[in-house]
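A short write-up of the structure that comes next.
The values are calculated or read from the model by the stated rules, or taken from the named source; none is laboratory data. Here the structure is a predicted model, which means the values were calculated and not measured. When we count neighbours, we look across all protein chains shown, and the Cβ atoms used for this are built from the backbone with ideal geometry, even at glycine. Keep in mind that these areas ignore ligands, DNA and RNA; they rest on the heavy atoms of the full protein, side chains included. Shrake-Rupley method; radii C 1.70, N 1.55, O 1.52, S 1.80 Å.
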Amino acid sequence: MDRLEAQEERRRRLRETVIARGFVRTADLAEEYGISLMTAHRDLDALQAQGWLRKVRGGATGLPSAQFHGSVADRMAVMAPAKQALARAAATLLVPGQTVMLDDSTTCLLLAHRFAEHTPLTVVTNSLPAVTTLAKEPGISLITLGGAYFPAYDAFMGPHTAESVRAFRADVLFLSTTAVTNGRCYHTSPETVQVKRAMMESAARRVLVADHTKFTKGGLYALAPLTDFDLLIVDDGLPAAEIRAVRAGGTEVMVVPRP
């Protein structure tokens, strides 16, 4: 194993250690892996840049927070039945012949699995799992958005991806978010916000698909107010008062019964 391979293997193991334990001190990682404190910091910086974890004072955390929402596997497992119900409801809006833009959220990934029932469709996405799902589907014209690949999100993000988005115009965008607070959507990653904003600018109709727990969470980076969306698809766990407030702001709401 050469030096680069050894570094990648160490960072993989280090990443797994942080995620498994939730929080690990940098000094403990250095001692456990037999590396200098400076090397441990460099490893954590690299893993944070990829979206696997977040550095905090004295160490690193893999626990979801306002700055980190967990791995793809973690997010797929959260509210899974509700997300499936939301995806089924969103699929009823699809019209054959449309150009559909899809973000990298796990909820919209579940929606992608239903696209084959509504072909022909042209699909524009930065989500690698969505690309894999749709690549061999007859009737799907697939446009992939490049840019920097973020392994923890399994998606392409950042300024180059955002610039790629602007080359297209979609009939409808399906998008989710990490959190909704006081009528505004938030996310944990500035690179993600950059791409999602570009998608919103490039779509004639904007649909936010979010389960009710998103309205109880926090996020660090502001994405957009709910009033920027034409439709919110949410499960019936969201209080009636909040639904009324969204509608009063001019955004249509589709309420989906929870399984």
request  = List the number of the failed condition for GLY139; all other conditions in (1) under 23 Å from ALA49 (Cβ atoms); (2) in contact with a Pro (Cβ under 6 Å, 6 or more places away or on another chain); (3) without any contact (Cβ under 8 Å) to a residue 24 or more places away in the chain hold.
outcome  = (1)
task = Residue by residue through region 150-182, note down the ones that are within 11 Å of the chain's Cα centre (by Cα) and in a loop (DSSP other than H, G, I, E, B).
result = ALA152, TYR153, ASP154, SER176, THR177, THR178
task = Assess whether VAL256 counts as being in contact with a His (Cβ under 8 Å, 6 or more places away or on another chain), of a type in the set (Val, Ile, Thr) and in contact (Cβ under 8 Å) with a residue 60 or more places away in the chain.
result = no
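Restricting region 140-162 to residues that are small (Gly, Ala, Ser) and at pLDDT 95 or above, which is surrounded by the fewest Cβ atoms within 10 Å (Cβ to Cβ)?
So the first thing to find is which residues in region 140-162 are small (Gly, Ala, Ser), and the list is 141, 146-148, 152, 155, 158, 162.
Narrowing the set further to residues that are at pLDDT 95 or above leaves 141, 162.
Working: SER141: 13, ALA162: 22.
Step by step, filter region 140-162, then rank; the result is SER141.
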task = Taking the residues in region 202-217 that are of a type in the set (Ser, Thr, Tyr) and open to solvent by less than 30 Å² (accessible area, probe 1.4 Å) as candidates, determine which candidate is farthest from the chain's Cα centre (by Cα).
result = SER202
ask   = Could you give every pair whose Cβ atoms fall below 8 Å, whose first residue belongs to region 104-118 and is among the aromatic types (Phe, Trp, Tyr), and whose second residue is open to solvent by less than 40 Å² (accessible area, probe 1.4 Å) and assigned to a helix (DSSP H, G or I), counting only separations of at least 6 or pairs across chains?
value = PHE115/ALA91; PHE115/LEU134
remark   = Here the qualifying pairs (Cβ atoms under 6 Å; residues six or more apart or on different chains; first in region 240-252 and open to solvent by 60 Å² or more (accessible area, probe 1.4 Å); second part of a strand (DSSP E or B)) come out as ARG247/VAL253; GLU252/LEU231
task = From (1) in contact (Cβ under 8 Å) with a residue 40 or more places away in the chain; (2) touching a Pro at 6+ places or on another chain (Cβ under 8 Å), pick out the condition that doesn't hold for ASP211.
result = (2)
request  = Just give me the residues in region 171-186 being more than 18 Å from GLU242 (Cα to Cα) and surrounded by fewer than 24 Cβ atoms within 10 Å (Cβ to Cβ), in sequence order.
outcome  = ASP171, VAL172
inquiry  = Which residue is modelled with the highest pLDDT, if the candidates are limited to region 194-231 and must be under 15 Å from LEU86 (Cα atoms) and touching a helix residue (DSSP H, G or I) at 6+ places or on another chain (Cβ under 6 Å)?
reply    = VAL209
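Do we have any residue at all in region 27-47 that's over 25 Å from TYR149 (Cα atoms), at pLDDT below 90 and either open to solvent by 40 Å² or more (accessible area, probe 1.4 Å) or assigned to a loop (DSSP other than H, G, I, E, B) (or both)? Quick ask: steps written out before the conclusion?
Initial filter on region 27-47 (over 25 Å from TYR149 (Cα atoms)): 27-38.
If we keep only those that are at pLDDT below 90 as well, we get none.
No, the conditions are met nowhere in region 27-47.
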inquiry  = For region 105-125, which positions are part of a loop (DSSP other than H, G, I, E, B), more than 20 Å from ALA179 (Cβ to Cβ) and not β-branched (Val, Ile, Thr)?
reply    = HIS113, ARG114, PRO120
